[in-house]
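This report refers to the structure that appears directly beneath it.
What follows is calculated from the coordinates using simple rules that are stated; it is not laboratory data. In this text the structure is predicted, and so the values were computed from the model without any measurement. Note that we place each Cβ from the backbone using ideal geometry, even for glycine, and neighbour counts take in every protein chain shown.
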Amino acid sequence: MINLTTLDYCIIACFFAIVLAIGIIVSKQSGKNSNEYFLSGRNMPWWLLGLSMVATTFSTDTPNLVTDIVRNNGVAGNWVWWAFLVTGLLTVFVYAKLWRKSNVTTDIEFYELRYGGKPARFLRQLRAVYLGIVFNVMAMAAVTLAAIKIGEIMLGLTPEETIIYAGTITVLFSAIGGFKGVVYTDFLLFFVAMAGAIGAAWYLVNLPEVGGLERLVNHEAIVDKLAILPDFSDTEALISLLIIPFAVQWWSAWYPGAEPGGGGYIAQRMLAAKDENHAIGATFFFNIMHYALRPWPWILVALASLIVYPDLASIQEAFPNVSPDKLGHDSAYSAMLTKLPSGLLGIVLASLVAAYMSTISTHLNWGASYIVNDLYKRYLNPEANEKKLVGVGRISTVILMIFSAYFALKLQNAIQLFNIILMFGAGTGLIFILRWFWWRINAWSEISAMFVSGIISLLINFTSVGTLLFQPETGIFPGWMKFPLIVLITTIAWIVVTFLTQPESKETLYAFYQRIQPGKRGWSPILTQAQEENINIVTEKGTSLPQGILAMLLGIAVIYFCMFATGNWLYGNYGLASLLTGGAVISGWLLTSVWKKISKTIL
């Protein structure tokens, strides 16, 4: 437990006061109608939305997750989430434009735009409950779990006390401020969180027992953890950390903030953008910050923690008040923060609070938007006025917070929930990518994928069948086969169901194509049929899909070059870092020229 000084308390108190003030100031505007409450009138600029995306994914569980990964698998272990950059850039240069064109209120509303009839209504209801409530609560529980660990180690709080203190303030400003309050406070939270993360990394790397950056990267306990790429001679590590994420995971898995084809709170921000260009700019800025720059302060602290706390026993010895069921390698991040001095400690604690509040407030508003728009308004009370809808949104916000807090008390570590969510979304991602560009996909395709993925994940992860197949040393298959097997079975299932069921009605497909204009590839039969009926559904002569794919590849190169360059500058490999920086500049120049072809107006 740390001792906070008056200075620390003043910093934290000022931060809370500003956040609550923002929520109160915007509450009147946000409460006007549901469109303002959930999308801020669709008039947000790219830079504000981009900062909001970065702040939202800068949650209290993220540094804990990165610390857990680095301590167990080294820096290269982060490829389990770094690979999601591919789908992130695909969203930027292909799907951001399409989402903004759809003009829906939530990404779940999309289902009754793309599909029709009872299956579409059922799918919309199912996804609203599945994502808006079940998965949303799980994601918030992971963030709250991280807050609990910080509270236990740094402040000596019980899990229940942490939930009461942190949750009450967050749910208060989230409920009154709506989406506008979330985005405006995210602007502040981003800078506070970044200042805290960078300040903490700088101080902790220079602790006497660590000895500075140069000694850190040359320490015997660290040298085998520094590689940014996995060891190519270690077949199992190479397959699980690099090959599967790039060959299978990025396009097949659904994960909050990295959905193939966009979705969730990322789609919410694209839908709130002023226009298509602002949607593209926001998502590209987010991906640069999320992958290339932001992880390194956390990585440095994680590496330093291996010197100060080399194992779990050392953490337990230093913090005997930590509950045994909450102790894990992810606790090392909070343990390191207890060594910060007064003033910087206040800033870092404020940054952790900022990280918690930005993520939870986004999830609360996002989940409430599903409950209000896709359940209550659509099916329970279609005649509800705007005041009623905003009221239901605020009540839903409070209820979601209560459920997530309860679930957080049942978890042990961040990587545990990361793997559960990843497995349950396995095999569904390809549908989210193709449904815009292939007319034959129907509502039953998605319904079957959801159920098959969920059932197979349960069988493999939580039953004797899974133990028989994947038990270490005695199982039939190696552990890394779990994810690809779920993807394979799910993909085969939904493709078979697609061709065994009827396609969507031509009226539904005509309406979708006319609004979205996804391009002729994959829609030729529908375009031919419309032409034969003298119905004009084509309003754009060409498509930017080929340029979008090229821009995606160049964007990936830019960000990975930046990520590798940053790491090598920190490691002291200045020659290689210079070459990588040059690669980033050249890729960026090429990307700019392609981007101009996609749109004449950039940002």
How would you rank 371-383, 585-597, highest first, on the average number of other Cβ atoms within 10 Å across their residues? 371-383, 585-597
Taking loop as defined by DSSP and a crowding limit of 12 other beta carbons within 10 Å, which trypsin sites (Lys or Arg not before Pro) in region 503-578 fit? ARG521, LYS541
Calculate the FRET efficiency for ASN573 and LYS339 from the Cβ-Cβ distance with a Förster distance of 25 Å, rounded to the nearest 0.05. 0.35
Cα-projected label distance for ILE549 with ASP234, points at 7 Å along beta-carbon direction, nm: 3.5 nm
Run through region 529-587 and list the GluC sites (Glu not before Pro) located in a DSSP loop whose Cβ has at most 14 other Cβ atoms within 10 Å. GLU533, GLU540
Could you give the distance between the Cα centres of region 305-342 and region 260-284, to the whole Å? 38 Å
Quick note on TRP47, TRP439, TRP298, ordering by fewest other C-beta atoms within 10 Å, gives TRP47, TRP439, TRP298
With eigenvalues of the C-alpha gyration tensor scaled by 5 and rooted, the chain, Å: 38, 28, 25
The answer for chymotrypsin sites (Phe, Trp or Tyr not before Pro) in region 190-239 that fall in a DSSP coil and have at most 15 neighbouring Cβ atoms within 10 Å is PHE232
Expressed in nanometres to one decimal, the distance between label points 7 Å along Cα→Cβ at THR528 and ARG121 is 3.4 nm
What is the list of residues in region 519-538 whose amide nitrogen lies under 16 Å from a point 7 angstrom out from the Cα of LEU113, following Cα to Cβ? 519
Stretched out fully, how many nm does the piece from LEU207 to TRP438 gain, at 0.36 nm a residue minus the Cα gap? 77.5 nm
With each label point set 7 Å from Cα along the Cα-Cβ vector, what nm distance links LEU7 and GLU161? 2.5 nm
